[in-house]
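Participant: Dumping the structure here so I can ask a few things about it.
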Amino acid sequence: MFEKMVSLPSEGGKSAIKAEISTLKAKLTVQQQQIKQAKLPVVVLLEGWGAAGKGSLLSDIILNIDPRSFNVFSINPPTDEESRRPFLWRYVQKIPEAGQFVFFDSGWYGETVQNRMDGALSGKAYRRRIQSINNFERQLSDNGYLVVKFFLHIPKKVQDERFEKLLSSKNTEWRISKADKRENRHYGEYAAAWDELMDRTDTPAVPWHVIDGGERVKWLQVYRVLTRAIDAALSSPRPACAPEEEAFPLLEMPLLKDVSLRREVAEDEYRARLKEAQSKLGDLHNRIYRRKIPVILAYEGWDAAGKGGNIKRLAAALDPRGYEVVPIASPDKHELSRHYLWRFWNHIPKTGHIAIFDRSWYGRVMVERIEGLCGDAWKRAYREMNEFEKELSDWGAVILKFWLHIDKDTQLERFQDRQNTPEKRWKITDEDWRNREKWDQYEVAVNEMLQKTSTEYAPWYIIESTDKKYARLKVLEIVTGALEKALEEKED
């Protein structure tokens, strides 16, 4: 990658470079307003060698932008809290709202190279990391983000000279960290690691721009690349929906119409099995906390299928300090102005904890699809959600997804019961009745969702819920069985 360094034309001296930089700065100021109007979110990532000038360059760029329109994140080694989350978690949290800039002073690449050099990332894990990064950047690009990646390159000799100068003064020696010194001592090894990583993540949608870190030219190179990229993003339409097929380990799922709903359990049997299953789950919760296994449970289903009561019986067995129930409603304005998975990433549990989603990211291919809230973007969401869950599974999470299933007659009975019972009336809304009118459309969407997103690592379970007691037991027993299996695999 280093041989693909951005080059400048030979003509023009120092004054010409300075004049062009001034022109491009003025252009960036104008573009910032255009970005706001077009609701274009922009991610700028600055990577590079220690003392290559990332800090001074970043300071120069943001002077041209309204402070209300950007955030800057200087990425340090992950904290203990961040280390208990998936690798991408802290980066996804920081993606900008539509019409805003986010600048990363180092990021997911710097962390990856350090992990590689520390020996914490090799072989299969390294290949997975590269795939995670490419998926992350492609998803941002597909969903309308502009992502611009720079690497500021200087030869070792130049780095030696700059380090010597900075270390000669107490006022500047703090700028050279232990990690910088280590990088300098092993410059060749780091160069090889960076070259390989950039080569494998240099994609058509999100290419690398290797910049000459020389004092006279780096500003001009960066301003040229950045303003041209913004021009291109502003002039081109939003990404067309062109979902690519990717092989995921899918499980065979029945159509909803073929699922028998004649499942029920007697009251005495229900009480005995419920007590046993809750006791077992409580014990397993302690064990997964000790073994630091994260658990993600997603509930979907027909309105009035019994999700709330089902979640209540499951949560009753858990230590309240170790789980969160996440009720999902319509996204607010801050959620709408980001990638649709952003709000779900924010609730990914720590290792050893459990997140229970009452509704989930699958709204993208159900209500958003049927109501026309996301255009054709739902068509690529199957792949994006499979990738999202694969990321979580590779991190070590147990992921289970439940579709609570009833028939139309059962739903009508429950709707009428809610409508006619004052203490239950809050459970029924006009939207529930509207959704019922679109039952057939939803059934088509749900069947497609089950067929395309029930994977070996994040399976769907259709829960027969005409008898709520039966449904509660089935979910509890599926969860306990999955946790027992995860613990066995952890101990192998």
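The values are calculated or read from the model by the stated rules, or taken from the named source; none is laboratory data. Fair warning: this is a prediction, and the values are worked out from it, not measured in the lab. Neighbour counts run over all protein chains shown; Cβ positions are idealised from the backbone, glycine included. Side chains included, ligands, DNA and RNA excluded: accessible areas come from the protein's heavy atoms. Shrake-Rupley method; radii C 1.70, N 1.55, O 1.52, S 1.80 Å.
Participant: Determine which lysines satisfy two conditions relative to Lys424: a Cα distance under 20 Å, and not lying fewer than 8 residues away in the same chain.
Facilitator: Within reach: Lys307, Lys312, Lys408, Lys468, Lys469.
Participant: Additional query: Does a label point 7 Å from the Cα of Arg128, set along Cα-to-beta-carbon, have any residues of segment 450-470 with amide nitrogen under 17 Å, and which are they?
Facilitator: 455-459
Participant: Only four residue types carry charge here, +1 at the Cβ of Lys and Arg and -1 at the Cβ of Asp and Glu. Report the dipole size of segment 110-255 about the Cα centre in Debye, rounded to the nearest 20.
Facilitator: On the way: 23 positive and 22 negative charges, 133 e Å.
The calculation lands at about 640 debye.
Participant: I would also like to ask the following. If you average the sequence gap of Cα pairs under 8 Å that are 6 or more apart and divide by the length of segment 11-155, what percent do you get for the contact order?
Facilitator: Relative CO of segment 11-155 lands at 40 percent.
Participant: Now for a separate question. What is the diffusion coefficient of segment 284-372 in µm²/s, taking the Kirkwood radius over Cα pairs and the Stokes-Einstein relation at 37 °C with a viscosity of 0.692 mPa s?
Facilitator: Calculated translational D: 230 µm²/s.
Participant: What net charge do the residues around Trp403 carry, taking every other residue with its C-beta under 14 Å from that of Trp403, with Lys and Arg at +1 and Asp and Glu at -1?
Facilitator: Local charge sum for Trp403: -2.
Participant: In deg cm²/dmol, rounded to 500, what helix-only [θ] at 222 nm does the chain give when every DSSP H run of at least 4 residues adds -39500 (n - 2.57) and the total is split over its residues? Let's see the in-between values first.
Facilitator: Working: 20 runs with 248 residues, N = 492.
After summing the helix terms and dividing by residue count, I get -16000 deg cm²/dmol.
Participant: Within 9 Å, Cβ to Cβ, of Lys54, how many net charges do the neighbouring residues add up to if Lys/Arg are +1 and Asp/Glu are -1? Mind dumping the intermediate values first?
Facilitator: Details: positive: none; negative: Glu47, Asp105.
Combined, the nearby Lys, Arg, Asp and Glu give -2.
Participant: Give, rounded to the nearest 20 debye, the magnitude of the charge dipole that the chain has about its Cα centre when Lys and Arg contribute +1 at Cβ and Asp and Glu contribute -1 at Cβ. Don't skip to the answer; put the middle values down first.
Facilitator: Details: 79 positive and 76 negative charges, 263 e Å.
Around 1260 debye, computed over the chain.
Participant: Counting heavy atoms of the protein chains only and a 1.4 Å probe, report the per residue accessible area for the chain as a whole number of Å².
Facilitator: 48 Å²
Participant: Could you tell me the distance between the Cα centroids of segment 340-380 and segment 1-79, to the nearest Å?
Facilitator: First find each Cα centre; the distance between them is then 33 Å.
Participant: Identify the GluC sites (Glu not before Pro) of segment 421-492 meeting these criteria: DSSP loop state and at most 13 other C-beta atoms within 10 Å of the C-beta.
Facilitator: On the way: sites: Glu423, Glu431, Glu437, Glu443, Glu448, Glu456, Glu464, Glu477, Glu484, Glu488, Glu489, Glu491; in loops: Glu456.
Sites meeting the loop and neighbour criteria: Glu456.
Participant: Next question, about the same structure. Tell me, in nm to one decimal, what length is gained between Glu3 and Gln93 on full extension, where the rule is 0.36 nm per residue of separation less the Cα-Cα distance?
Facilitator: This chain segment gains 29.1 nm when fully extended.
Participant: For helix 14-38, report the angle its Cα long axis makes with the longest principal axis of the Cα atoms of the chain; keep it between 0 and 90° and round to the nearest 10°.
Facilitator: Relative to the chain, helix 14-38 is tipped by roughly 20 degrees.
Participant: Is segment 1-93 best put as rounded, prolate or oblate by its Cα gyration tensor, with a ≥ b ≥ c the root eigenvalues, rounded for a/c under 1.5, and otherwise prolate when a/b is larger than b/c, oblate when not? If you can, show how the numbers build up before the last one.
Facilitator: Details: a/c = 2.44, a/b = 1.46, b/c = 1.68.
The shape class here is oblate.
Participant: For Leu412, project a label point 7 Å along Cα to C-beta. Then give me every residue of segment 276-312 with its amide nitrogen under 19 Å of that point.
Facilitator: Only 302-306 pass the distance filter.
Participant: Which value in nm describes the separation of the simple spin-label points at Ser56 and Asn171, placed 7 Å from the Cα toward the beta carbon?
Facilitator: 1.4 nm
Participant: In segment 1-96, which GluC sites (Glu not before Pro) are in a loop and have at most 11 other Cβ atoms within 10 Å, using DSSP for the loop call?
Facilitator: Glu11
Participant: Ratio to report: Rg/Rh of segment 66-186, with Cα atoms as the point set and Rh obtained by the Kirkwood method; give two decimals. Intermediate values should be presented prior to the final figure.
Facilitator: Numbers: Rg = 16.8 Å, Rh = 16.8 Å.
Checking Rg against Rh, the ratio lands at 1.00.
Participant: Percent relative contact order of segment 70-163, based on C-alpha pairs within less than 8 angstrom and at least six residues apart?
Facilitator: Relative contact order here is 24 percent.
Participant: Pull up the cross-link candidates among the lysines for Lys490, meaning alpha carbon to alpha carbon under 22 Å and not fewer than 8 places away within one chain.
Facilitator: Lys490 reaches Lys124, Lys280, Lys292, Lys350, Lys390, Lys401.
Participant: Loop only per DSSP, at most 14 neighbouring Cβ atoms within 10 Å: give me the trypsin sites (Lys or Arg not before Pro) in segment 117-198, ordered by residue number.
Facilitator: The qualifying sites are Lys170.
Participant: A follow-up question, please. Heavy atoms only, probe 1.4 Å: what % of the accessible area of segment 371-457 goes to carbon and sulfur, would you let me know?
Facilitator: 44 percent
Participant: In percent, what relative contact order does the chain have, based on Cα pairs under 8 Å that are 6 or more apart in sequence?
Facilitator: Details: 665 pairs, mean separation 93.8, N = 492.
Worked out over the chain, it gives 19 percent.
Participant: Something else about it: First select every other residue whose beta carbon is under 11 angstrom from the beta carbon of Phe103; then total the charges, Lys and Arg +1, Asp and Glu -1.
Facilitator: Residues close to Phe103 contribute a combined charge of +1.
Participant: If you average the C-alpha positions of segment 116-182 and of segment 436-450 separately, how far apart do those two centres end up, in angstrom?
Facilitator: Taking the Cα centre of each part, segment 116-182 and segment 436-450 sit 46 Å apart.
Participant: Carbon and sulfur: what percent of segment 106-168's accessible surface (1.4 Å probe)? Can you show the working numbers first?
Facilitator: Numbers: 1230 of 2560 Å².
C and S fraction of accessible area: 48 percent.
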